[in-house]
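Engineer: Could you have a look at this structure, given as structure tokens, before my questions?
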Amino acid sequence: MTSILQPTVNLDSEAIRRIREEKKLTQLYVAKVVGVTTDTVSRWENNRYPSIKRENAVRLAEALEVDVEEILEKNEDDVEGVDEEAEPAEAFPPQRSKDSRAWLLLLPALLVLAGVIIYWLMQRQDTLVGRFEGYRSLPPYAAPGEVIPVHIRLETDDTVKGYILRESFPKGWQLVEAAPPPTSLNNAEGVARWIVKPGDERNRVVYRLRVGENVGKIPSTAYFSGEIIVNPNGRNLSVSLDGDAVVEVDHVQWADLNGDGIVDDGEMLEASDTVDEMKGVHMDWDALEAIWDAGGYRWDEDDRVFVPHKPPAVEEPAPLENSQP
């Protein structure tokens, strides 16, 4: 029987975390191997991204050095066993009509035929349309008035003859710089478009986004969405961007991945990779380095900026004296 591979699969978040910790692998290592951010790996382990594309699951399994089945949710229908408390079958089961028996015999063949047709149509569509995918990377946090980096990685094959990338960001936020510059930009509505013409080699789009000053309640959540649009054979087709789609708005610097008020060495390495990916736009590395050197930062409410700040030393409690009887 021909098996149909589903385009997305459900992850077993507990298994992912357990396997990674058993093998003493860091989230940073897994993220590098798979080609995502550590925040994405964290969301896989916390079941915030319960389903992903099958090819990403395969890369994740390779990073964890296990078979892909070990990190997928188990289907209860696949569990074999016998119910010992089940009632015994009747000695003389009711007789089915000839028509019903014929349908039961034909059903497996019909299911196989339907599966073959669906598989053929999917393969045919891939041949006509080509492969086009996009993955967005966002920092986990953003502060009011702060400028954050956004990176979109594009993957297409040679059959895709030009396309449009459409990106939607929160209203009230401002796109201040992009590489390449957007073909169309509406900051009031939070929409930017890039037209990639046939022959243009484009594997990434990066932009800097200023968070709105009046974001309302702090903390809050901001949402992103985007799609890639192609027009093969005169019919519009689109696919949604994968990757990060949520940013928590709070008084946390964008490089502070866990929101503890400190940009540690591991987070600084992540920020360095992000800055490298943002080639073509200006990133204020000096300000980030000053926060790193100071050991921490604080939010200046008057100037509405982050300033370097050394966190206070934690005093260890004095040892308890042994009391004499």
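A quick yes/no check of all residues on (1) in contact with a Pro (Cβ under 7 Å, 6 or more places away or on another chain); (2) in contact (Cβ under 8 Å) with a residue 40 or more places away in the chain; (3) surrounded by 15 or more Cβ atoms within 10 Å (Cβ to Cβ):
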| position | (1), (2), (3) |
| --- | --- |
| ASP256 | no, yes, yes |
| GLY259 | no, yes, no |
| ALA271 | no, no, yes |
| THR274 | yes, yes, yes |
| ASP286 | no, no, no |
| ILE291 | yes, no, yes |
| ALA294 | yes, no, yes |
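Conditions (1) more than 20 Å from ARG204 (Cβ to Cβ); (2) not β-branched (Val, Ile, Thr), marked per residue:
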site	(1), (2)
PRO219	yes, yes
LEU241	no, yes
HIS251	yes, yes
VAL263	yes, no
ALA271	no, yes
THR274	no, no
TRP292	yes, yes
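Engineer: Where the second residue is in a loop (DSSP other than H, G, I, E, B) and the first is free of Cβ contacts under 8 Å to residues at least 60 places away in the same chain and lies in the range 197-210, which pairs have Cβ atoms under 6 Å and are six or more apart or on separate chains?
Structural biologist: That search, which allows pairs on different chains as well, returns LYS197/GLY162; PRO198/LYS161; PRO198/GLY162.
Engineer: Considering only helices (runs of 4 or more DSSP H) fully contained in the range 1-80, which possess at least 1 residues that are out of contact with any helix residue (DSSP H, G or I) (no Cβ under 7 Å at 6 or more places or on another chain), over 21 Å from GLU133 (Cα atoms) and at pLDDT below 85?
Structural biologist: In the range 1-80, 27-34 are the helices (runs of 4 or more DSSP H) which contain 1 or more residues that are out of contact with any helix residue (DSSP H, G or I) (no Cβ under 7 Å at 6 or more places or on another chain), over 21 Å from GLU133 (Cα atoms) and at pLDDT below 85.
Engineer: Among the residues that make up the range 145-162, is at least one of them surrounded by fewer than 16 Cβ atoms within 10 Å (Cβ to Cβ) and at pLDDT 90 or above?
Structural biologist: Taking every residue of the range 145-162 in turn, at least one turns out to be surrounded by fewer than 16 Cβ atoms within 10 Å (Cβ to Cβ) and at pLDDT 90 or above.
Engineer: Out of the residues in the range 214-262 that are modelled with pLDDT of 85 or more and among the polar types (S, T, N, Q), state the one that is farthest from ASP39 (Cα to Cα).
Structural biologist: SER240
Engineer: Please determine, by comparing only the residues of the range 171-203 that are within 30 Å of ASP300 (Cα to Cα) and either polar (S, T, N, Q) or in contact with a Gly (Cβ under 6 Å, 6 or more places away or on another chain) (or both), which one is surrounded by the most Cβ atoms within 10 Å (Cβ to Cβ).
Structural biologist: By that ranking, first place goes to TRP173.
Conditions tested, residue by residue: (1) farther than 27 Å from PRO180 by Cβ; (2) aromatic (Phe, Trp, Tyr).
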{"position": "ARG210", "(1), (2)": "no, no"}
{"position": "ILE218", "(1), (2)": "yes, no"}
{"position": "TYR223", "(1), (2)": "no, yes"}
{"position": "ILE228", "(1), (2)": "no, no"}
{"position": "SER240", "(1), (2)": "no, no"}
{"position": "VAL247", "(1), (2)": "no, no"}
{"position": "GLU270", "(1), (2)": "no, no"}
{"position": "GLU277", "(1), (2)": "no, no"}
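The values are calculated or read from the model by the stated rules, or taken from the named source; none is laboratory data. From a predicted model like this one, the values you see are computed outputs, not experimental measurements. For neighbour counting, all protein chains shown are included, and Cβ atoms are generated from backbone atoms with ideal geometry for every residue, glycine included.
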